[in-house]
Structure formats: C-alpha cells, structure tokens
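Chemist: This structure is in structure tokens; I'll ask about it shortly.
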Amino acid sequence: MKPLPTESLERAAALIAEAAPILVFTGAGISVESGIPPFRGEGGVWGRYDPSLLDIREFRAKPLASWTAIREIFYESFGLARPNPAHEILAAWEERGLVDFTVTQNIDGLHRMAGTTRLSEFHGAMGELICVACASRFPASRELLAPIVPTCPACGGLLKPDFVFFGEGIPHEARASAFAAAARARLCLIVGSTGQVYPAASVPLAVKEAGGILIEIDPGQTEFSALAEVRLRMGASEALREIDAILQRGT
Ligand SMILES: [Zn+2]
C-alpha cells in the first residue's frame, strides 16, 4: 500500500482553514462510493444506454422509449443510493461555517440528503418531476412513477425528471447562485469532477480567474489538475476524512 500524501493533505487543510468559508464543487466522482456509476468513461451509463434518450427532442418525440431507460437508470438503481462519508463531511463543514456554498453537477440529490442546504444543483435533481406542458413540479413518488409514461396530475401533460436534458439550458436560479458563490469565494474545493462539462466547469474557473485557489480531490488527472494548488489523487471519502481529522486537530 502506498503511503498517504500527507504533505498535500496538510497543505489542503491549512489552505481551507485560511480561506474559509469556501466554495465546494462536486461531480460524479463523489457519488461513486454511493454506488452511482459515472455517465462517462469505463463502466459508465453511456456504455449501456444511448445518450439521445435524454435529449429533450427525443424525449418529447418518443416518451415511451426514453421513460423505459430513465426508470432503469435513475429510479431503479440511483433511487436506492444513500449519501456516503464525503457528502456527510461536506454537510458538517457547512454546519461548522467552513463551507459557504456547494455547487454540484450531480442530479442524485445526495448532498441535500446529507444535510447540505446552501446548494446549487446545477443540472437539476431527479427527486422531482416537472410537467413539460404546465411546468408544475411534483415529488418523484412511487404513485407518479407507476405508469410507464408518467403524466401530470394537474393537466395530463408529459412528466419529465426535473434535471437538465441534452438540448436544455441550465435553470436560472441554479446558475445565478453558483456564479454568485464563485464571485465570493477565495478557494474552491473540487471533488470528483473531470471538468469536461460546460458551463458547469466555468464555476471553479471563475474562482481561479479572480485570483482564488483551487484544490482538487480526484483519483485521476482532470481538466482542473494543471490549475490546482493542491492535487489529492485519492477517493473523495478518504481525502475528506483525512483533511477533516487535520482540521479537527487544529494544526
Ligand atoms: Zn401539467
């Protein structure tokens, strides 16, 4: 077993303590330990399903095919996922005043479930359904998901998960709150994001461009790696546990 990169962990903890409250930016890598597969790369969702099923035009044209895949991908597997220690530590940091705001690219709702409240779910979240006809929102309940193609209780229109499909824009409030938080932040802690999806990836970049610091936690090389002051090549829970322990010791 490799020794832990202690020096980097301690540097990360010191920078976080100094710059707090910080901005946190998360991607698929933080949810892997909750059993959620990434969309991209090896073993990813797009290896098994055609991404066009989540294109808004395809969805409207062929709701039966799209909903069959959506149910399998999101509501039969993701639906069982629970927050892991990484989500829980970040929620505790918000409570302790170390985290100002969290921006996530994930639609799994796990940050919210862990207790994070100052949050931009940049791509929406699967926990609600929205009517494509009247824009009413409903919790994604077992009852609403019972028909093969769920329909709106208010108007009978087609329901879709309230996350961003291909061909749709970022919800205004999610985007505005994320960039406002980036403008306040002196440090952005990036956890498990490859930095390939825009405009989300612009959020940490805005912190860097304004003279702030990036810290990256990711087992692999990402688009942010070259820009980061500290790079921790570790899983999310392991790295955050170590940093949390250093912060708690107050060193
Ligand atoms: Zn409706």
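The values are calculated or read from the model by the stated rules, or taken from the named source; none is laboratory data. Given the structure is predicted, the values throughout are model-derived calculations rather than measurements. Please note: Cβ atoms are built from the backbone with ideal geometry, for glycine as well, and neighbour counts cover all protein chains shown. Ligands, DNA and RNA are stripped out before the accessible areas are found, and what is left, the full protein with its side chains, is counted by its heavy atoms. Shrake-Rupley method; radii C 1.70, N 1.55, O 1.52, S 1.80 Å.
Chemist: Of the residues Glu143, Glu173, which is charged (D, E, K, R), loosely packed, with under 13 Cβ neighbours inside 10 Å and in the same structural domain as Val24 (by TED's automatic domain parsing)? Can you show your working first?
Modeler: Working: Glu143 fails: in the same structural domain as Val24 (by TED's automatic domain parsing).
Answer to the selection: Glu173.
To keep it simple, each residue is scored yes or no on (1) touching a Cys at 6+ places or on another chain (Cβ under 8 Å); (2) within 20 Å of Ala200 (Cβ to Cβ).
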position: Val99; (1), (2): no, yes
position: Leu110; (1), (2): no, yes
position: Arg118; (1), (2): no, yes
position: Gly124; (1), (2): no, yes
position: Val132; (1), (2): no, no
position: Ser136; (1), (2): yes, no
position: Arg142; (1), (2): no, no
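Chemist: Turning to a different aspect of this structure: Glu173 fails exactly one of the following numbered conditions: (1) in a loop (DSSP other than H, G, I, E, B); (2) closer than 17 Å to Ser120 by Cβ; (3) among the acidic types (Asp, Glu). What is the number of that condition?
Modeler: (1)
Chemist: I'm trying to understand the selection: among the residues of the stretch 26-72, which are part of a loop (DSSP other than H, G, I, E, B), hydroxyl-bearing (Ser, Thr, Tyr) and free of Cβ contacts under 8 Å to residues at least 40 places away in the same chain?
Modeler: Step one: list which residues in the stretch 26-72 are part of a loop (DSSP other than H, G, I, E, B), which gives 27, 31, 35-44, 48-50, 62.
Now drop any that are not hydroxyl-bearing (Ser, Thr, Tyr), which leaves 31, 49.
Answer for the stretch 26-72, where residues must be part of a loop (DSSP other than H, G, I, E, B), hydroxyl-bearing (Ser, Thr, Tyr) and free of Cβ contacts under 8 Å to residues at least 40 places away in the same chain: just Tyr49.
Chemist: Within the stretch 207-238, which residues are within 17 Å of the chain's Cα centre (by Cα), open to solvent by less than 80 Å² (accessible area, probe 1.4 Å) and closer than 22 Å to Gly35 by Cα?
Modeler: Listed by number, the residues that qualify are Glu216, Ile217, Asp218, Thr222, Gly235, Ala236, Ser237.
Chemist: Continuing with the same structure: Please verify whether Phe74 is within 14 Å of the chain's Cα centre (by Cα), of a type in the set (Phe, Trp, Tyr) and crowded, with 18+ Cβ neighbours inside 10 Å, treating the condition exactly as stated. It would help to see each step written out before you state the result.
Modeler: Numbers: within 14 Å of the chain's Cα centre (by Cα): no; of a type in the set (Phe, Trp, Tyr): yes; crowded, with 18+ Cβ neighbours inside 10 Å: yes.
Criteria not met by Phe74.
Chemist: Here's a check for you: in the stretch 156-170, which residue that is within 15 Å of the ligand (Cβ to nearest atom) and part of a loop (DSSP other than H, G, I, E, B) is surrounded by the most Cβ atoms within 10 Å (Cβ to Cβ)?
Modeler: Filtering the stretch 156-170 for residues within 15 Å of the ligand (Cβ to nearest atom) gives 156-162.
Filter once more, keeping what is part of a loop (DSSP other than H, G, I, E, B): 156-157.
Values: Gly156: 10, Gly157: 15.
Step by step, filter the stretch 156-170, then rank; the result is Gly157.
Chemist: Among the candidates Arg48, Arg11, single out the residue that is surrounded by fewer than 19 Cβ atoms within 10 Å (Cβ to Cβ) and assigned by TED's automatic domain parsing to the domain that holds Thr102. Explain how you work it out, then say what you get.
Modeler: Numbers: Arg48 fails: assigned by TED's automatic domain parsing to the domain that holds Thr102.
Answer to the selection: Arg11.
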